[in-house]
1. What range in chain B is the longest one free of GluC sites (Glu not before Pro) that are in a loop by DSSP and have at most 15 other Cβ atoms within 10 angstrom?
2. Give the peptides A:22-29, A:6-13 in descending order of average Cβ contacts within 10 Å, highest first.
3. Under a cut-off of 15 Å between alpha-carbon atoms, report the aspartates and glutamates in cross-link reach of residue A:76, not counting same-chain residues fewer than 8 places apart.
4. With r as the distance between the Cβ atoms of residue A:84 and residue A:117 and R0 = 22 Å, compute the FRET efficiency 1/(1 + (r/R0)^6) and round to 0.05.
5. How big is the charge dipole of the protein assembly as shown about its Cα centre, in debye rounded to the nearest 20, if each Lys and Arg gets +1 on its Cβ and each Asp and Glu gets -1 on its Cβ?
Amino acid sequence: EVQLVESGGGLVQPGRSLKLSCAASGFTFSDYNMAWVRQVSKKGLEWVATIIYDGTTTYYRDSVKGRFTISRDNAKSTLYLQMDSLRSEDTATYYCATLWELYFDYWGQGVMVTVSS
Amino acid sequence: DIQMTQSPASLSASLGETVTIECLASEDIYSNLAWYQQKPGKSPQLLIYDASSLQDGVPSRFSGSESGTQYSLEINSLQSEDAVTYFCQQHHDYPPTFGGGTKLELK
């Protein structure tokens, strides 16, 4: 059974940093492209970043380019999202997900990030 | 970016009814359209990809179709557990973009 478990969320002040992790199990992690998707208050969904299976290529939405970094450790079956220079508009629930073509076939349970002073 | 306009934002229907949710793409996405279901307090779950292909384990009362840049999700014989929120998403090009969601409620 595919399992994705996010951690690392919390309350952080604007301008500070936070690093999210996603522990994967139940599938061959190193074979899959992975992504982070966020959701503001159970409303709209927004793709954040993608990393391909071997970590050599990444993609970001414009609003997080230069501030967020997606990475992976295939030996640990773990996905990461380093978030720097956080803004109030980054407040959301962040999900990690497996990416097949460009759709998200398995999702984690999500982790909340609140950016507020 | 490709814009996905989903309608209606909310919908009320009775048990056993057939309901349809629609998504309009701002340009041709060549059938690269996915549908997700999200239950309260849970993460989204993939229902359909490539406009009409059912994900493993999804009940056959769910189906997807297309007409030009208009995509539809149909739910036949509505069950109580179907009264949740649905999202469409284009998976044709970066950035992948979602519709605004449809909240389905029981009458």
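Since every read-out is calculated from the coordinates, none of them should be taken as a lab result. Bear in mind that the values here come from a model prediction, so they are computed numbers and not experimental data. A quick note on method: Cβ atoms are made from the backbone with ideal geometry, for glycine too, and the neighbour counts reach across all protein chains shown.
1. Free of exposed loop sites, the longest segment is B:28-107.
2. Values: A:22-29: 16.8, A:6-13: 14.8.
Highest-to-lowest ranking by the protection proxy: A:22-29, A:6-13.
3. Qualifying aspartates and glutamates at Cα under 15 Å: A:6, A:31, A:54.
4. Values: r = 17 Å, r/R0 = 0.77.
Calculated transfer efficiency: 0.85.
5. 940
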